[in-house]
């Protein structure tokens with residue numbers, strides 16, 4: 001078993017332990033509620049649920065911020081598909097487990113994730129600019145200062161790091177596939193990393209590429 005594999009399993013178990021405890025608290029709090037029969041039409045309630053819980057209804061009052069938030073939400077949800085492969089690769093010490101069985105469909109899925117990630121990257125930069133440079137009026141209210149401001153910025157910066165990790169890993173991996181095909185599963189060229197980043201990354205030496213690929217893999221976990 002590789003050292004990296006052992007580290008991943010340990011981190012996974014530790015994370016799972018704390019997640020289990022936190023989710024247990026949430027479930028316990030939910031069970032404190034009493035049975036209640038809601039009034040009104042079910043379709044209206046479902047619409048409100050989707051807008052409030054998933055779309056944050058107040059954001060849809062203005063179309064442009066709503067579209068930018070949609071980029072981030074969709075990218076985050078779709079990226080979780082790749083999380084399944086990360087878990088399999090990390091636990092069993094393999095590389096791109098789904099690439100061989102899925103073939104060209106795998107290339108399509110990863111390319112779609114990259115496209116959504118770039119859209120989310122642009123949207124995240126705009127949100128950071130609105131909060132910290134343009135200083136939109138509603139973000140200057142007293143209730144938005146302190147921890148709420150820091151929390152929002154940390155989430156946005158975390159989103160940027162996640163996207164950078166994905167694109168760095170994929171672009172370095174594509175270069176490594178041609179340099180060391182016996183150790184790197186052939187995937188076909190991805191939409192963003194294969195078209196716009198391959199020329200720059202392809203000029204790097206083998207050691208640097210391995211470092212970038214592994215660094216990007218760990219970063220986007």
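What follows draws every value from the coordinates through simple rules; no lab data is involved. As the structure is a computational prediction, the values presented were derived from the model and not from experiment. No Cβ is skipped: glycine too gets one built from the backbone with ideal geometry, and neighbour counts run over all protein chains shown.
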Assertion target for 26, 67, ordered by fewest C-beta neighbours within 10 angstrom first, is 26, 67
Relative to the chain, whose Cα atoms define the longest principal axis, helix 63-92 and its Cα axis are tilted in degrees, nearest 10, by 50 degrees
Taking Cα atoms, the helix 3-30 axis meets the longest principal axis of the chain at an angle in degrees (rounded to 10) of 10 degrees
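Given only helices, namely DSSP H runs of n ≥ 4 each adding -39500 (n - 2.57), what is the per-residue ellipticity at 222 nm of the chain, to the nearest 500 deg cm²/dmol?
Working: 8 runs with 147 residues, N = 221.
It lands at -22500 deg cm²/dmol.
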Longest principal axis of the chain (C-alpha) makes with the long axis of helix 147-179 (C-alpha) an angle, in degrees to the nearest 10, of 20 degrees
hull vol. (C-alpha, convex hull) per residue for the stretch 59-219, Å³ -> 134 Å³
Checked the stretch 11-148 with the C-alpha gyration tensor, a ≥ b ≥ c its square-rooted eigenvalues, rounded below a/c of 1.5, otherwise prolate if a/b is larger than b/c and oblate if not; verdict oblate
